[in-house]
1. Write out, first by first residue and then by second, each pair whose Cβ atoms fall under 9 Å of each other, whose residues are 6+ apart or on separate chains, and whose first residue, in the range 195-207, is assigned by TED's automatic domain parsing to the domain that holds Phe242 and without any contact (Cβ under 8 Å) to a residue 24 or more places away in the chain while the second is part of a loop (DSSP other than H, G, I, E, B) and of a type in the set (D, E, K, R).
2. Checking the condition closer than 22 Å to His373 by Cα, without any contact (Cβ under 8 Å) to a residue 24 or more places away in the chain and assigned by TED's automatic domain parsing to the domain that holds Trp141, which residue from Glu186, Glu226 passes?
3. Which of the numbered conditions does His482 fail, given that it passes all the others? Conditions: (1) touching a Pro at 6+ places or on another chain (Cβ under 7 Å); (2) part of a strand (DSSP E or B).
4. Mind listing whichever residues of the range 118-148 are in contact with a Ser or Thr (Cβ under 9 Å, 6 or more places away or on another chain) and not in a helix (DSSP H, G or I)?
5. From the list Leu434, Leu425, Leu362, pick out the single residue that is surrounded by fewer than 16 Cβ atoms within 10 Å (Cβ to Cβ) and touching a residue at least 12 places away in the same chain (Cβ under 8 Å).
6. Are any residues in the range 303-342 out of contact with any Gly (no Cβ under 7 Å at 6 or more places or on another chain), among the hydrophobic types (A, V, I, L, M, F, W, C), closer than 21 Å to Pro7 by Cβ and crowded, with 24+ Cβ neighbours inside 10 Å, and if so, which ones?
7. So Arg159 passes all but one of these: (1) more than 19 Å from Pro284 (Cα to Cα); (2) modelled with pLDDT of 95 or more; (3) not in a helix (DSSP H, G or I). Which condition number does it fail?
8. Looking at (1) free of Cβ contacts under 8 Å to residues at least 40 places away in the same chain; (2) out of contact with any His (no Cβ under 9 Å at 6 or more places or on another chain), can you tell me which one Tyr235 breaks?
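The values are calculated or read from the model by the stated rules, or taken from the named source; none is laboratory data. All values derive from a computational prediction rather than experimental measurement. Cβ coordinates were reconstructed from backbone atoms using ideal geometry, including for glycine residues, and neighbour counts include every protein chain displayed.
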Amino acid sequence: MNPFPLPIRQNPLQTKSDLQQAFRQLTDPLMPYYSSGRAGFTIGSTGTSYSGKVAAMEGFSRILWGLVPLVTGGGDSPLWDMYMEGIKNGTNPAHEEYWGTAGDYDQRSVEMAAFGLALALAPEKLVEGLGRDGLEQLTAWLAPINNHKLWDCNWLLFRVMVQMGFRKAGLPYDKALTEETLDAIEPFYMEDGWYADGLKGQAHSDYYVPFAIHYYGLLYASFMEEEDPVRSALYKERAVQFAGQFIHWFAEDGSALPYGRSLTYRFSQAAFWCVMAFTGLDTPYSIGVIKGLVLRHLRWWFAQPIFTPDGLLTIGYTYPNLVMGENYNSPGSPYWAMKSFLVLALPDDHPFWTAEEEAMPLLEASVVQKAPHLVLCRQAEVPHVTAFNSGHTSSNEHTHTSAKYEKFAYSTFFGFSVPRAEWGLAQGAFDSMLALAEGDNLYRVKRRCEETRVDEGLIYTRWKPWADVEVRTWIIPGLPWHVRVHRIATGRVLDGAEGGFALGIEGPGSGGWLPGGSIVPARPYSTVPPQEAESSGNAAYAAYGRGASGVKLLYGSGQAELLTPQANTNIMVSRTVIPTVRTHIEAGATAWLAVAVYGEAFGAKGYGAGAWAAAPRAQVVDGELQVYTDAGGTIEPAFRVRLDA
């Protein structure tokens, strides 16, 4: 059962009134934590790459993403008057709670975007609350974003948001600088509505595409259509294209694919759909489908243990977890999720509120998305979505880059794990990865690739964990089974560990809760955590609660076993087990390893036998490795490769 009986867990999240109430249920617990001058709040003592004073301001500003739409759309909150006081004090250089002047690459520039929205969406309310002097003070505090350096990624749009706010509030704005900044973002565009979060080939395509680049782009298109009709039309066209891609990242229960960085922003995953509704675009999907997607997503999230006992959001994903956090995650950072409350600005008679909530449309069981390097597979009846990933020829220096961008598979049910250290398999938690060590128990995984290809039924990647070790990997996507084939050419002695999906052995997602708080029966925890487990030579399997995970060695030398990683390594469940094939390779050898990986979510059925018996198989014929994804009598193999290649 849910550990804390918070009011938001009883909110049905069906009507505009329900969502207005949800905003208050999320923000009421913050009230005791605001500073005396109301210019910030402090809800924890963990640190970031910026100061505690800036972190307090960050949390303050992120509430504006929901507060401004709330009051614009006719709602009310005691926070509004507090915020007018806080803005006056925070932008006043003579006040002790002055936020300070932003410099190059400054976190304060990030938070300025929310003020740009406020100026564009509710200029009259700001004038009423701040007065002319207060508005001029705010404008003066925002202005330095024009002159300071910003990271060459979605950060550029923070300047655009401020300039857009100035323009819509009737304040002087720099049209030429705005257009120059938007021109700098254009090289990020790829295909099918996808951007990279930076220059193509040097940046990833992740949630920053929907909840940042498209989000700000559509706000610009909404507010600046008269001033910039060509760009506005282009942004809308691309967003409609992207909607047909992005919907595949959501499962039928409202959960979204955990992939990439900044996952602590949680229900901002639905912010794209909210700005689509706000903009009023004709999409491939009805407004009822978009409404259902947003509301199911919020219900799914509010059923997770993401709160403190008094109702504050925490750093983590489906539970509080600093291990997976970023260097830029302060205690107030998760409130960026308020971007999904943009729909509160819509009038009561808007179709988003009057339409009936609809289920997800019937989507393909498998779809290739070449821009983000993914093949997404879906089991709608469970529900379960898994993205199979080639990896990338670029990397970045964000926290746990390999775990967040380079694993072979990412699942809405199993999540993924991040390492506590690279020493040892327990600390490394190498699910959905091939980890290699040279006899010192210090493991390396794929961080970047030399070459990648993504096709309908096959993913290929070539990567080098050391200069004298080359791994060629082929992935045959599918659910509940997929197959990984590795060719490992090594100049050094290696120990290898090929990990399957990390299965939760207690708590959410593993035998505990369904969205809405209902209980799935699960047997009590015992000395053997899973309800069922086997580990015998070439196969290892575990089942617990609502899912099962396993691996089978199809070709090559190795031993399958169940490994128990350290607690809090998985982003969705605090304690897991990882079925793993361990192998050993001598120096100078070229070894082949083919492993079938099983991951099944049982859904509302609860504990069940699943499809473990229907494993893929492999055989060698005339020096050719042939893989059959069907355990039965498939005539043609799904994959073949010469072993002397």
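1. Taking only residues 6 or more apart or on different chains, not a single pair turns up.
2. After ruling out the rest, the residue left standing is Glu186.
3. Checking His482 against (1) touching a Pro at 6+ places or on another chain (Cβ under 7 Å); (2) part of a strand (DSSP E or B), the one that fails is (1).
4. Matches in the range 118-148: Ala122, His148.
5. Answer to the selection: Leu362.
6. Answer for the range 303-342, where residues must be out of contact with any Gly (no Cβ under 7 Å at 6 or more places or on another chain), among the hydrophobic types (A, V, I, L, M, F, W, C), closer than 21 Å to Pro7 by Cβ and crowded, with 24+ Cβ neighbours inside 10 Å: Leu313, Ala337.
7. Evaluating Arg159 over (1) more than 19 Å from Pro284 (Cα to Cα); (2) modelled with pLDDT of 95 or more; (3) not in a helix (DSSP H, G or I) leaves (3) as the failure.
8. With respect to (1) free of Cβ contacts under 8 Å to residues at least 40 places away in the same chain; (2) out of contact with any His (no Cβ under 9 Å at 6 or more places or on another chain), Tyr235 is out only on (2).
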